[in-house]
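Student: First the structure, then my questions, so here it is.
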Amino acid sequence: MLMSRGQDRRRSSVSGATRKKEKKVPTKEDFIKKRDFTGALALLEFQRRNGDNIDSEEDEIELLMWIGYCAFHLGKYERAQEVYTELMSGNLGKCPPDVPLYLACVYYYMQEYKEAAETANDIKKDSPLKNRVLFHVCHKLNDEHKLMQHHQKLSDTNEDQLSLAAIHYLRSHFQEATDIYKRLLLENREDLALNVYVAMCYYKLDYYDVSLEILAVYLQTYPDSAVAINLKACNHFRLYNGKAAEAELKVLVEQGHVLQANDLIRHNMVVFSNGDQALQVLPSLVDFIPEARLNLVIYYLRNDGIGEAEALLKDLEPSTPQEYILKGVVNACMGQSMGMKEHLKEAQKFFQLVGASASECDTIPGRQCMASCFFLMKQFEDVNIYLNSIKQYMYNDDDFNWNYGISLAATGNFKRAEEALLLVQNENYKAEYCYISWLARCYIMNNNPRNAWELYLKMETTNESFNLLQLIANDSYRMGSFLYAAKAFDVLERLDPDPEYWEGKRGAFAGVFQAVVAGKAPKEDLRDVLAMVKHTGNPQVEYITRVIRKWAKEANVKLN
């Protein structure tokens, strides 16, 4: 009995100690070590409100420094600004010397670049961090002269080289950024985050498979990284489709992440879903995520909002290939829809700047830009050269097949033009008169006038259907497809009794008759001719009918 009681007491004391150990309150060091800045900030704010562990001004200053640090890493820049401003006020005692520089960093991330520059320049003592901050600020303010001055002050330290690589990346010099990151990775194998930077560069260089391979190294150690998983999803979007990308983001949901709480992921989900909820999500992100403005422009272009797209880009000075391309597309749309040559010239200029640049000339977008430039200049032979070089990558792209088909047709290559146009799947595109008329011309030039005629029969009676009739009539006549030329001229004459339509129909009748006599057309075609003759009141009809029936009688051909 006594032994068991003693054992029970010992067990109780051990379990009590375990419970006490389990209930130990984490310190800020514990949170920060795990990069749990939310937990660290909550703890620090609680300590300040309650005065915990604050016995002097030095303790409060140190606490505020940690609050600023955690707020900055959480992206709560306004809170970090409040803290550093309070420290600089001197109300708590002597301000730590690095605080103004930290405040400059905060201003930079708040996109208040002039304030960042002023704050950093007010610091008399030079330092590597001060130089890096001003280096990035000059890039944002497009101050190339000062940018080069700060560039020359960079050293070979990892921090300075990372800063230089970041500027290369922001200026779309992805190959230069890749070279720096790869060199740093060789020297610092343990710094796994460099794999993410290299993967981001390869993503921008369109090497999506390579990007995924490098990213996998980081994800093996940090499988819950929101940044890495988001980049993986972007690669899957480029390689496959939006559904494949969304499937990758489900991993974050399973790990407890709230996707709607991350602005970048919210933005990407709109892109992955082909613009779903674009108007609800993108407008609020335009000033924070550069791609949000561009993707909102794309959304408007796809939904006939050319005016809204133009307004978004009106004051934008393009600095990346994507911005130049969209400026070109918007100007081309404005020029074609409003018939304004100035916009078309601007579009040509933007397309040529991208297509002829050393960094883009051999990329798919670069070659598309040159093709677009030549398309607007109506130099279709050159268009075909550029589009032919990338067609293997664009087989299922409706926009590409539309443009390639029209360009091929414009140069007389109707067989390949027909093949390209038939690859278009978008029903809205296929309903446009431009598409229908070019496809009809291809059918006729490839000796398939019946298919062209069926395109007309599917249309409602409008000005466009009248124009298509004229195209079928003239092109069929030119190609010797006289039966369908006669049918088209017959309908045209009934819609508009213009003498020219009768002359075209009469010539087509003669052509059909001649082809039947020569054995190049079936005799049944004469029945269609006689049926059309009945609807014509011209006195020459009797002579045509008499000639056809006389030949049919002599050739023993039944026409009834």
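Student: So for region 66-157, averaging the separation of alpha carbon pairs under 8 Å that are six or more residues apart and normalising by length, what relative contact order in percent results?
Tutor: Numbers: 87 pairs, mean separation 16.8, N = 92.
Reported relative contact order: 18 percent.
Student: Per the Debye formula with a single identical scatterer at each Cα and no solvent contribution, what log10 I(q)/I(0) holds for region 47-163 at q = 0.11, 0.22 Å⁻¹?
Tutor: -0.40, -1.22
Student: Further, regarding this structure: Match the structure shown to one of the listed values [x] 30.1; [y] 33.7; [z] 24.0 of Kirkwood radius over Cα pairs in Å, computed from it, and give that label.
Tutor: The value computed from this structure is option [x].
Student: Oh, and also: Multiplying the sequence separation of Tyr240 and Ala555 by 0.36 nm and subtracting their Cα-Cα distance, what value in nm do you get? Could the numbers behind the result be given before it?
Tutor: Details: separation 315, 0.36 × 315 = 113.40 nm, distance 6.36 nm.
Residue separation times 0.36 nm, minus the Cα-Cα distance, leaves 107.0 nm.
Student: Could you compute the FRET efficiency for Lys415 and Glu159, with r as their C-beta to C-beta distance and R0 at 60 Å, rounded to 0.05?
Tutor: Working: r = 60 Å, r/R0 = 1.01.
For Lys415 and Glu159, the calculated efficiency is 0.50.
Student: Further question on the same structure: Suppose a student asked you for the relative contact order of region 239-283, using Cα pairs under 8 Å spaced at least 6 residues apart; what percent would you report?
Tutor: Values: 23 pairs, mean separation 17.5, N = 45.
Computed over region 239-283, the figure is 39 percent.
Student: Moving on. Along its principal axes, what span do the Cα atoms of region 188-269 show, with the longest given first and each in whole Å?
Tutor: Projected onto the principal axes, the Cα atoms of region 188-269 cover 34, 25, 19 Å.
Student: If you don't mind, there's one more thing I want to ask. Subtract the Cα-Cα distance of Ala42 and Lys250 from 0.36 nm times their separation in residues, and report this length gain in nm to one decimal.
Tutor: Details: separation 208, 0.36 × 208 = 74.88 nm, distance 2.82 nm.
The span from Ala42 to Lys250 would gain 72.1 nm if fully extended.
Student: So what are the ³J(HN,Hα) numbers for region 535-550, from phi and the Karplus equation (6.51, -1.76, 1.60; θ = phi - 60°), rounded to whole Hz, Gly and Pro as x?
Tutor: Computed from phi, the couplings for region 535-550 are 8, 10, x, 5, x, 6, 4, 4, 5, 4, 4, 4, 5, 5, 5, 4 Hz.
Student: Work out the FRET efficiency for Leu205 and Glu118 from their Cβ-Cβ distance, taking R0 = 60 Å, and round it to the nearest 0.05. Provide the component values of the computation, followed by the final result.
Tutor: Details: r = 37 Å, r/R0 = 0.61.
Taking R0 as 60 Å, the efficiency between Leu205 and Glu118 is 0.95.
Student: Run through region 428-475 and list the trypsin sites (Lys or Arg not before Pro) located in a DSSP loop whose Cβ has at most 10 other Cβ atoms within 10 Å.
Tutor: On the way: sites: Lys430, Arg441, Arg450, Lys458; in loops: Lys458.
Answer by residue number: Lys458.
Student: As an exercise, use a Förster radius of 56 Å and the Cβ-Cβ distance of Gln540 and Tyr393 to find the FRET efficiency, rounded to the nearest 0.05. Could the numbers behind the result be given before it?
Tutor: Working: r = 57 Å, r/R0 = 1.02.
About 0.45, to the nearest 0.05.
Student: State in Å² the accessible area per residue of the chain; use a 1.4 Å probe, count heavy atoms of protein chains only, and round to the nearest integer.
Tutor: Values: 32570 Å² over 560 residues.
On a per-residue basis, 58 Å².
Student: Grab the Cα-Cα distance for Leu141 and Glu381, subtract it from 0.36 nm times how many residues apart they are, and report the gain in nm with one decimal.
Tutor: Working: separation 240, 0.36 × 240 = 86.40 nm, distance 4.21 nm.
Full-extension gain reported as 82.2 nm.
Student: Divide, for region 246-360, the radius of gyration over alpha carbons by 2.2 N^0.38 Å, where N is the residue count. Before the final figure, lay out the partial values.
Tutor: Working: Rg = 16.4 Å, N = 115, 2.2 N^0.38 = 13.4 Å.
Scaled against compact globular proteins, the figure is 1.23.
Student: Also, quick follow-up: Taking the inverse of the average 1/r across all pairs of different Cα atoms in region 331-427, what Kirkwood radius in Å do you get? Write down the numbers at each step before the final one.
Tutor: Values: mean 1/r = 0.0733 Å⁻¹.
It works out to 13.6 Å.
Student: If you plug each phi of region 483-500 into the Karplus form 6.51 cos²θ - 1.76 cosθ + 1.60 with θ = phi - 60°, what whole-Hz ³J(HN,Hα) values come out, in order, with x for Gly and Pro?
Tutor: With the stated coefficients, region 483-500 comes to 4, 6, 5, 5, 4, 5, 5, 5, 5, 4, 5, 6, 7, 8, x, 7, x, 5 Hz.
Student: OK, next. Per the 1.4 Å probe, what fraction of the accessible area of region 410-493, in percent, lies on carbon and sulfur atoms?
Tutor: 45
Student: Looking at region 190-281, which GluC sites (Glu not before Pro) are in a loop (DSSP not H, G, I, E or B) and have at most 12 other Cβ atoms within 10 Å?
Tutor: Those that pass, being in a loop and sparsely packed, are Glu190.
Student: Another question about this same structure. Can you give me the distance in nm between label points at Glu29 and Asn53, each placed 7 Å from the Cα along the Cα-to-Cβ direction?
Tutor: The modelled label-to-label distance comes out at 0.9 nm.
The values are calculated or read from the model by the stated rules, or taken from the named source; none is laboratory data. Nothing here was measured: the structure is a model prediction, and the numbers come from that model. Every residue, glycine among them, receives a Cβ derived from its backbone with ideal geometry; neighbour counts consider all protein chains shown. Ligands, DNA and RNA are excluded from the accessible area calculation, which covers all protein heavy atoms including side chains. Shrake-Rupley method; radii C 1.70, N 1.55, O 1.52, S 1.80 Å.
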